[in-house]
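Visitor: Mind having a look at this structure? Questions to follow.
The values are calculated or read from the model by the stated rules, or taken from the named source; none is laboratory data. Keep in mind the model is a prediction, meaning the values are calculated, not measured. Note that we place each Cβ from the backbone using ideal geometry, even for glycine, and neighbour counts take in every protein chain shown.
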Amino acid sequence: MIDLQNKVLLVSLRHVDENEKIEFETFFGLVNRFNDNTVVVEKAGGGQINLPYADSHFEPAIDEWYELKSGEWYDEVDFIVQMDVFANELAYEKFGREDT
């Protein structure tokens, strides 16, 4: 298990519905707490989100700094997280992939 406590994440969630409408949600966040099932992230812009835990979801960040399309940037990112989020079971059945 990766030690994520107080780590800074760059999170990119790709939301997909059953009509293949895709919307992206990208943000920086700080890990508040985690266990072998869930990672609780405090979003930099406010709010909180729970992400599923799996070692494969957390890729070490290698660049010195990262910038979002919004212009928001952060220079001490520890991990990058990319996940697909399906609106419902039908969306998952139609567009789900093994690596999500």
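Visitor: Among the residues of segment 60-71, are any surrounded by 16 or more Cβ atoms within 10 Å (Cβ to Cβ) and closer than 30 Å to LEU90 by Cβ? Don't jump to the end; show me each part of the working.
Guide: Filtering segment 60-71 for residues surrounded by 16 or more Cβ atoms within 10 Å (Cβ to Cβ) gives 61, 66.
Now narrow it down to the ones that are closer than 30 Å to LEU90 by Cβ: none.
No, there is no match, as no residue in segment 60-71 is surrounded by 16 or more Cβ atoms within 10 Å (Cβ to Cβ) and closer than 30 Å to LEU90 by Cβ.
Visitor: I've got another one for you. Check whether at least one residue in segment 64-76 is aliphatic (A, V, I, L, M) and at pLDDT below 95, and report yes or no.
Guide: Narrowing segment 64-76 to residues aliphatic (A, V, I, L, M): 68.
From what's left, at pLDDT below 95: 68.
There is at least one residue in segment 64-76 that is aliphatic (A, V, I, L, M) and at pLDDT below 95.
Visitor: Going through segment 50-79 one residue at a time, which ones are under 12 Å from the mean Cα position of the chain (by Cα) and either charged (D, E, K, R) or under 13 Å from LEU10 (Cβ atoms) (or both)?
Guide: LEU51, HIS57, PHE58, GLU59, PHE79
Visitor: Condition test on PHE27, is it at pLDDT 95 or above, touching a Lys or Arg at 6+ places or on another chain (Cβ under 7 Å) and surrounded by 14 or more Cβ atoms within 10 Å (Cβ to Cβ)? Before you say what the answer is, go through the steps one by one.
Guide: Values: at pLDDT 95 or above: yes; touching a Lys or Arg at 6+ places or on another chain (Cβ under 7 Å): yes; surrounded by 14 or more Cβ atoms within 10 Å (Cβ to Cβ): yes.
Here the answer is yes, as PHE27 does meet what is asked.
Visitor: If you check VAL11, VAL85, which single one turns out to be out of contact with any helix residue (DSSP H, G or I) (no Cβ under 7 Å at 6 or more places or on another chain), surrounded by fewer than 16 Cβ atoms within 10 Å (Cβ to Cβ), touching a residue at least 40 places away in the same chain (Cβ under 8 Å) and β-branched (Val, Ile, Thr)?
Guide: Details: VAL11 fails: surrounded by fewer than 16 Cβ atoms within 10 Å (Cβ to Cβ).
The match here is VAL85.
Visitor: Here's something else I'd like to know. Between ILE49, ILE80, which is within 11 Å of LYS7 (Cα to Cα) and either touching an Asp or Glu at 6+ places or on another chain (Cβ under 7 Å) or surrounded by 10 or more Cβ atoms within 10 Å (Cβ to Cβ) (or both)?
Guide: Details: ILE49 fails: within 11 Å of LYS7 (Cα to Cα).
Going through ILE49, ILE80 in turn, just one is within 11 Å of LYS7 (Cα to Cα) and either touching an Asp or Glu at 6+ places or on another chain (Cβ under 7 Å) or surrounded by 10 or more Cβ atoms within 10 Å (Cβ to Cβ) (or both): ILE80.
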